[in-house]
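These notes concern the structure reproduced below.
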There are 2 protein chains.
Amino acid sequence: MKRVYNFSAGPSMLPEWVLNRASEEMLDYKGSGMSVMEMSHRSKAFASIIENAETSLRKLMNIPESYSVLFLQGGASTQFAMVPMNFMCKYKSADYINTGSWSKKAMTEAKLFGNVNVIASSEDKKFSYIPENYTISKDIDYVHITGNNTIEGTRFTTLPDTGDVPLVADYSSSILSEEIDVTKFGLIYAGAQKNMGPAGLTVVIIRNDLLGKHFENTPSMLRYDVQAKGKSLYNTPPCYSIYIAGLVFEWLLQLGGVKAMEKINMEKAEILYSALEESKLFTSPVNKKDRSLMNIPFMAPTDELNKKFISEAEVMGLTTLGGHASVGGLRASIYNAMPIDGVKKLAEFIRKFEKENI
Amino acid sequence: MKRVYNFSAGPSMLPEWVLNRASEEMLDYKGSGMSVMEMSHRSKAFASIIENAETSLRKLMNIPESYSVLFLQGGASTQFAMVPMNFMCKYKSADYINTGSWSKKAMTEAKLFGNVNVIASSEDKKFSYIPENYTISKDIDYVHITGNNTIEGTRFTTLPDTGDVPLVADYSSSILSEEIDVTKFGLIYAGAQKNMGPAGLTVVIIRNDLLGKHFENTPSMLRYDVQAKGKSLYNTPPCYSIYIAGLVFEWLLQLGGVKAMEKINMEKAEILYSALEESKLFTSPVNKKDRSLMNIPFMAPTDELNKKFISEAEVMGLTTLGGHASVGGLRASIYNAMPIDGVKKLAEFIRKFEKENI
Ligand SMILES: Cc1ncc(COP(=O)(O)O)c(C=O)c1O
Ligand SMILES: Cc1ncc(COP(=O)(O)O)c(C=O)c1O
Ligand SMILES: [Mg+2]
Ligand SMILES: [Mg+2]
Ligand SMILES: [Mg+2]
Ligand SMILES: [Mg+2]
């Protein structure tokens, strides 16, 4: 068995410690005589799996009791609709900051339910920066941001000051990568498949006073209040993905939590960004101040060289380095589970490739 | 390692062959150097996983090209809403046959979007039978049935004749357990966690001419046409659950397909029903003609005896035999992956328990 360094934007690498545990426990979870996949979601064994996962996540992110933690299905794309369905009821209007493809998709869904004010956008410069000067509108239900832009490689380092208006954030590609202050948000959502576990699980963290404000004909499954009341067991949850996410949380706690992880992530990102800054062949399109720690787009001067880079890297065990289909070029996603050694190998390869191709 | 016979109504047993494969391939899927959990859903490796799963399911159920097969998230409970959101647009009215708790939940969600005609119900006799005399209404968008009633232990053996009106069926707890004629249906849906794989995957089989008839403000993720056009990759699908379901399909094909499985299931059910018929202690509440092959509710005369049965069975490695919280008593769910040996052991135990407690 030879493991590769997988730079996929998601689904993406998981800690080997987690995969080993999952493999060992596959046919018999802790003497239960069954796999976690086979367990009733109403069983005691599963109850402790989901409760432990929640407890660990609360610890990792310092989530107060005044927030509910939900383990849902449907991906972040379903949240694009659930947010307006549950929040856009009073003023039928919300502010969105447009920082890339995922912000735009979120806006498209919100428009089905009310008015979307694009109060700021970085589309003028191909989403290469995070806008800074904007005014929150009057009489709106919430403000939405994409905390980390997976495709464009930017991230918010300063949050908009929304006053009493709930701030909603899509942290799909950076949750648990650096410390954030949960109390600044009305709602945080994230698909699991980057920093938490397998695809098919979406984590929602919601301030309890925001529950129960949905449009009248919202289906039960899409109501945050129903999911919170059911403690994510209103129906059968994605049990196995919750189990794996729980293991990832355990791994992260052992490692020292988000603070320790953030330090490593800074180091990892620095290694790559330095290599790109030094480079005379590769360029990074992103405004330095707004750089993502997780997703690093870069490019050689020609499509041909990009392709060559991808295929030679593949041979070296450095995989999935193509940019998103919508932007092309190259992208290295270096989530929590990417070892620093993988990043060093990639930086070395960048230098080697440059020497050979300049 | 000691495996148990798990009679859970879902999530429930998976074939050991599948679990072994999953365990072996956990850190390195077919020399890719990564787990299926870590793979980009846009990768070639995953493309062949999802395509193979679809091809196998089409073979198993004899699904014509005029139907789309969708691998979705959200569970059958999300289908309770997606069906009316996508179908109830023309007449804003649909017929439902009420055969138990799950039918009722489906009706509750449909009422959010239009008129629900309960054209037949077996609630008068605690849902112990499948109604037979009813008339399909005029000017309706579809007719909905729950093909197998997981909690009450009944199943449809004769389908309603709906003429040109699409028949929609929830086959969550009996899909792949016996042959059905897909061409009789407009849409079939089923949560994976009983006969197909882990929770977190929902399979939808939809006749293509029914795509694109949704209400205008239906979120993209909840539109069958969007999911069909995206070939279940509109967003990140529940990749690992699809992989496991694909293995279950492979296992079933090797075993001889649904026809062969149906024969085994008949045999398994017969063993249990005979034991219950012979019994002077236990009773089965279900009308003989309408008995489920998958879920067999039964009961001793007192709650105390039911509890004693559950805990003594547990010691014998026969687990999760309690009835659903809403009805109490006992229930044995004997899905495809339950070996015939498990059913024989349970029948033996029923006889032994009776001798000791009568
Ligand atoms: C920031 C962000 N939001 C939303 C999504 C969509 O997530 P999902 O595929 O789980 O719907 C992604 C996927 O990559 C993402 O990166
Ligand atoms: C017949 C039937 N329909 C629907 C459901 C709900 O499924 P889910 O939990 O996937 O939403 C169940 C669950 O047991 C069921 O048995
Ligand atoms: Mg983006
Ligand atoms: Mg440069
Ligand atoms: Mg039922
Ligand atoms: Mg009897």
*asked:* Given the condition outside the structural domain of A:Ser292 (by TED's automatic domain parsing), under 19 Å from A:Ser284 (Cα atoms) and among the aliphatic types (A, V, I, L, M), answer yes or no: does some residue in segment A:140-156 qualify?
replied: yes
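To keep it simple, each residue is scored yes or no on (1) modelled with pLDDT of 95 or more; (2) in contact with a helix residue (DSSP H, G or I) (Cβ under 6 Å, 6 or more places away or on another chain); (3) farther than 20 Å from B:Ile175 by Cβ.
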{"residue": "B:Gln79", "(1), (2), (3)": "yes, no, no"}
{"residue": "B:Lys90", "(1), (2), (3)": "yes, no, yes"}
{"residue": "B:Ala106", "(1), (2), (3)": "yes, yes, no"}
{"residue": "B:Asn133", "(1), (2), (3)": "no, no, yes"}
{"residue": "B:Lys138", "(1), (2), (3)": "yes, no, yes"}
{"residue": "B:Gly147", "(1), (2), (3)": "yes, no, no"}
{"residue": "B:Glu152", "(1), (2), (3)": "yes, no, no"}
{"residue": "B:Thr158", "(1), (2), (3)": "yes, no, no"}
_Matching residues in segment A:183-195 - criterion: being part of a strand (DSSP E or B) and among the small types (Gly, Ala, Ser)_ = A:Ala190, A:Gly191
*Every residue from segment A:90-120 that is in contact with a Pro (Cβ under 9 Å, 6 or more places away or on another chain), more than 16 Å from ligand 1 (Cβ to nearest atom) and away from every other protein chain (no Cβ under 14 Å)*: A:Ala94, A:Asp95, A:Ile119, A:Ala120
*asked:* Going through A:Asp161, A:Asp170 one at a time, which residue ends up being more than 17 Å from A:Val286 (Cβ to Cβ), more than 21 Å from the chain's Cα centre (by Cα) and acidic (Asp, Glu)?
replied: A:Asp161
_Unique match (being away from chain A (no Cβ under 14 Å), within 12 Å of ligand 2 (Cβ to nearest atom) and part of a loop (DSSP other than H, G, I, E, B)) among B:Ile130, B:Ile175, B:Ile151, B:Ile180_ = B:Ile175
*If you take the residues of segment B:200-232 that are touching a Gly at 6+ places or on another chain (Cβ under 7 Å) and within 11 Å of chain A (Cβ to nearest Cβ), which of them is nearest to ligand 3 (Cβ to nearest atom)?*
B:Met221
*Can you tell me which residues in segment A:49-105 are part of a loop (DSSP other than H, G, I, E, B) and of a type in the set (Lys, Arg)?*
A:Lys90, A:Lys92
*Return a yes/no flag: does segment A:225-241 have any residue that is within 16 Å of ligand 4 (Cβ to nearest atom), at pLDDT 95 or above and more than 16 Å from B:Ala199 (Cβ to Cβ).*
no
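Suppose we keep only residues that are charged (D, E, K, R) and not in a helix (DSSP H, G or I) within segment B:24-39. Which one would you say is farthest from the other protein chains (Cβ to nearest Cβ)?
Once the filter is applied, the top-ranked residue is B:Lys30.
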_Residue, farthest from ligand 3 (Cβ to nearest atom), within segment A:318-342, restricted to residues that are surrounded by fewer than 15 Cβ atoms within 10 Å (Cβ to Cβ) and more than 16 Å from A:Tyr273 (Cβ to Cβ)_ = A:Asp341
_Residues to consider are A:Arg3, A:Arg21; find the one that is within 11 Å of chain B (Cβ to nearest Cβ) and in a helix (DSSP H, G or I)._
A:Arg21
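The values are calculated or read from the model by the stated rules, or taken from the named source; none is laboratory data. The model shown is predicted, which means the values in this text are computed figures rather than measured ones. Here the Cβ is made from the backbone with ideal geometry for all residues, glycine too, and neighbour counts use every protein chain on show.
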